[in-house]
Amino acid sequence: MTRYAVTGGAGFIGSNIVGDLVERGQEVIVIDDLSSGHMVNLEPYPEVTVKNASILDEDALDSAFDGVDTVFHLAASVGNKRSIDNPALDSKINVIGTINVLEACRKAGVRKIVTSSSAGIFGELHQIPISEDHPVEPDSPYGVSKLAAEKLCLAYAKLYDIEAIALRYFNVFGPNQRFDAYGNVIPIFVFKMLGGEPITIFGDGEQTRDFISVVDVVQANIKASETKCLSGAFNIASGTRITINDLVARLSELVPGHHKVSYGSERPGDVRDSLADIAAARDAFGFEPSVTMADGLTDYVRWAMDEANRV
């Protein structure tokens, strides 16, 4: 049995990784201050040790990482708008917090860290699909802080004999992703539709996004962690894209009722188009998305309906 630590393990992606590890019979410790995570996400896994602590708490990290082989680092301040509203907090959590995690890894002799980066590091795109060597010109504090965190992880890999992989997520969606004013577009749209509220599309709706199911993101994390002697940064996405207008049309077919849609001004920090080249991850550790957009949306809407009824 291998011991794993998951920072942000009560959150959306983190809790899905925890579930996969538990099903594999592994020992898991979660570090989460529950500022955005939810203990309900971990209720199915009573065997998991949960430490209610922030990644800004160095002592808590030191004790949590004792005997850990691999760390999945997902704790973060997430999203362009949140970072624009509070850039200092965004940087404190994503940069200083990541240094704390890396220092705890170094002191504990952790073999590998798999950190969650973001397509937000790229900024406005010069060409698509986006490969890993696309210029990085982040246009929000969030993109800057995630780029800094990614670079820190890769520097530690060179300096301290820690294997470090940064996974650059594009637009992830799936179960355990709750409505949040700062959150991703799919949960915002779905929960507003379920509540009979109007939804707003910022811009003309013809902007495109590369959405990927959390099921595939979990597998990317597991495969990256299991590949020996590998460090680097990799795009994690579906390699396909749809417009926001198309997304709304698909959701309208899945969520019962009449849905009012309005259009607002484009938001600062939002890119026009997004589409990933995922060949590097496929070649390096066998990453292959398996969940179609149609199946992923159907599963998510089903989960969201259950969640809305539960609350």
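The values are calculated or read from the model by the stated rules, or taken from the named source; none is laboratory data. What you see is a predicted model, and the numbers here were worked out from it, not measured in a lab. For neighbour counting, all protein chains shown are included, and Cβ atoms are generated from backbone atoms with ideal geometry for every residue, glycine included.
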Exercise. Any chance the range 188-195 includes a residue that's farther than 20 Å from residue 78 by Cβ and out of contact with any strand residue (DSSP E or B) (no Cβ under 9 Å at 6 or more places or on another chain)?
Worked result: yes
Exercise. Do we have residue 83 as surrounded by fewer than 22 Cβ atoms within 10 Å (Cβ to Cβ) and in contact (Cβ under 8 Å) with a residue 12 or more places away in the chain here?
Worked result: no
Exercise. Could you list, in sequence order, the residues of the range 274-311 that are closer than 12 Å to residue 239 by Cα and charged (D, E, K, R)?
Worked result: 277, 282, 288
Exercise. Could you count how many residues in the range 107-122 are in contact with a Gly (Cβ under 6 Å, 6 or more places away or on another chain) and either among the small types (Gly, Ala, Ser) or not in a helix (DSSP H, G or I) (or both)?
Worked result: 1
Problem set entry | Entirely in the range 184-262, the strands (runs of 3 or more DSSP E) that have 3 or more residues that are touching a residue at least 60 places away in the same chain (Cβ under 8 Å) and more than 30 Å from residue 154 (Cα to Cα) | 199-202
For this session: Within the range 159-170, work out how many residues are surrounded by fewer than 19 Cβ atoms within 10 Å (Cβ to Cβ) and touching a residue at least 24 places away in the same chain (Cβ under 8 Å).
Result: 1
For this session: Kindly list the number of the only condition in (1) among the small types (Gly, Ala, Ser); (2) surrounded by fewer than 17 Cβ atoms within 10 Å (Cβ to Cβ); (3) under 28 Å from residue 123 (Cα atoms) that fails for residue 77.
Result: (2)
Problem set entry | Single residue of 37, 25 found to be outside any helix (DSSP H, G or I) and on the phi > 0 side of the Ramachandran plot | 25
For this session: For residue 25, state whether it is closer than 23 Å to residue 95 by Cα and at pLDDT 95 or above.
Result: no
Problem set entry | Members of the range 136-168 found to be assigned to a helix (DSSP H, G or I), among the hydroxyl-bearing types (Ser, Thr, Tyr) and at pLDDT below 95, listed by number | 142
For this session: Look at residue 284 and say whether it is out of contact with any Asp or Glu (no Cβ under 8 Å at 6 or more places or on another chain), in contact (Cβ under 8 Å) with a residue 24 or more places away in the chain and not basic (Lys, Arg).
Result: yes
Exercise. Inside the range 240-274, can you point out the residues that are within 13 Å of residue 129 (Cβ to Cβ) and either buried (at least 18 other Cβ atoms within 10 Å of the Cβ) or modelled with pLDDT under 95 (or both)?
Worked result: 241, 273, 274
For this session: Considering every residue within the range 215-228, establish whether at least one is modelled with pLDDT under 95, farther than 19 Å from residue 41 by Cα and surrounded by fewer than 22 Cβ atoms within 10 Å (Cβ to Cβ).
Result: yes
Exercise. Mind checking which residues of the range 86-125 are small (Gly, Ala, Ser) and surrounded by fewer than 16 Cβ atoms within 10 Å (Cβ to Cβ)?
Worked result: 88, 109
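Here is a yes/no grid of residues against (1) on the phi < 0 side of the Ramachandran plot; (2) not aliphatic (A, V, I, L, M):
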position	(1), (2)
205	no, yes
209	yes, yes
213	yes, yes
220	yes, no
223	yes, yes
231	yes, yes
236	yes, no
Problem set entry | the range 64-74: number of residues that are small (Gly, Ala, Ser) and either surrounded by 15 or more Cβ atoms within 10 Å (Cβ to Cβ) or touching a helix residue (DSSP H, G or I) at 6+ places or on another chain (Cβ under 7 Å) (or both) | 1
